[in-house]
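None of the figures in this text is laboratory data; all of them are computed from the coordinates on show. These numbers were taken from a predicted model, which means no experiment stands behind them. A quick note on method: Cβ atoms are made from the backbone with ideal geometry, for glycine too, and the neighbour counts reach across all protein chains shown.
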Amino acid sequence: MHIPDLDKSVTALVETLKQKKLTIATAESCTGGLLSEKITSVSGASEVFELGICTYSERIKHEFLGVLMEEIEKYDVVSEQVAHSMVRGLKERSGADICISVTGIAGPNGGTPEKPVGTVYIGFNVCGEQFVELPKLWELEDRSRENIRRSAAAFAFDTVLKRLEK
């Protein structure tokens with residue numbers, strides 16, 4: 001599995017957002033603010049970055065993003081449905097052109113046969129188009145917590161870049 005370079009991807013994304021005069025916001029769980037940190041590490045990010053929120057607990061996902069507790073109970077907090085609800089709530093609250101949500105299992109513990117370490121759902125709203133991706137991060141050779149988090153961030157930035165280039 002090829003994961004793009006995180007630093008190159010975020011730099012290219014911030015430059016593209018500046019050129020297109022678009023804004024971005026993030027709602028993160030297992031990445032713990034890494035997307036926000038990487039975006040703000042790029043000079044000029046203040047022109048495009050609206051909001052970064054770390055919604056690590058189920059309660060905060062519910063209270064800040066409007067994820068229904070019934071949905072978490074029915075599908076699990078690490079699910080396509082919760083990633084959708086997180087990004088939808090982020091879009092409603094931030095109004096940013098690009099919204100990214102992340103929920104997953106970064107490890108080293110917490111995985112199951114059905115949802116192994118590296119199961120990360122990434123929700124997107126790119127200029128009104130909402131979708132969720134499940135990169136197969138459990139297939140990475142290096143399944144360390146740090147690498148899963150960095151790979152999820154790189155995948156998210158690269159996905160947005162590819163959509164904006166269409």
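The HN-Hα couplings worked out from phi for the range 83-95 by the Karplus form 6.51 cos²θ - 1.76 cosθ + 1.60 (θ = phi - 60°) are 4, 4, 5, 4, 6, 5, x, 5, 4, 4, 7, 9, x Hz, whole numbers, x standing for Gly and Pro.
Coupling constants for the range 23-38 follow from the phi torsions by the Karplus curve (6.51 cos²θ - 1.76 cosθ + 1.60, θ = phi - 60°), and in residue order they are 10, 9, 9, 10, 10, 10, 10, 5, 7, x, x, 4, 4, 4, 4, 5 Hz; glycine and proline get x.
The length gained on full extension between residue 144 and residue 46, counted as 0.36 nm times the residue separation minus their Cα-Cα distance, comes to 32.2 nm.
For the range 6-165, the residue among 56, 75, 17 whose Cα projects farthest onto the positive side of the dipole built from Cβ charges is 17. Sorted on the mean count of surrounding Cβ atoms within 10 Å across their residues, most packed first, peptides 74-84, 2-12 read 74-84, 2-12. Given the pairs 74/162; 38/74; 38/61; 136/166, which span a C-alpha to C-alpha distance of over 26 angstrom in this model? In this structure, 74/162; 38/74 lie more than 26 Å apart at Cα.
Converting phi to 3J(HN,Hα) with the Karplus coefficients 6.51, -1.76 and 1.60 and the offset θ = phi - 60°, the range 53-66 yields 10, 9, 9, 6, 8, 4, 4, 6, 4, 5, 6, 8, 10, x Hz in sequence order, with x at every glycine or proline.
Here is how the number arises for the chain: DSSP H runs of 4 or more residues each give -39500 (n - 2.57), the sum is divided by the residue count, and the result at 222 nm is -13500 deg cm²/dmol.
Of the peptides 101-107, 59-65, 112-118, the ranking by mean beta-carbon count within 10 Å, highest at the top, reads 101-107, 59-65, 112-118. In terms of other Cβ atoms within 10 Å, 126, 48 run from fewest to most in the order 126, 48.
Using only side-chain charges placed at the Cβ, +1 for Lys and Arg and -1 for Asp and Glu, the dipole size of the range 83-139 relative to its Cα centre rounds to 140 debye.
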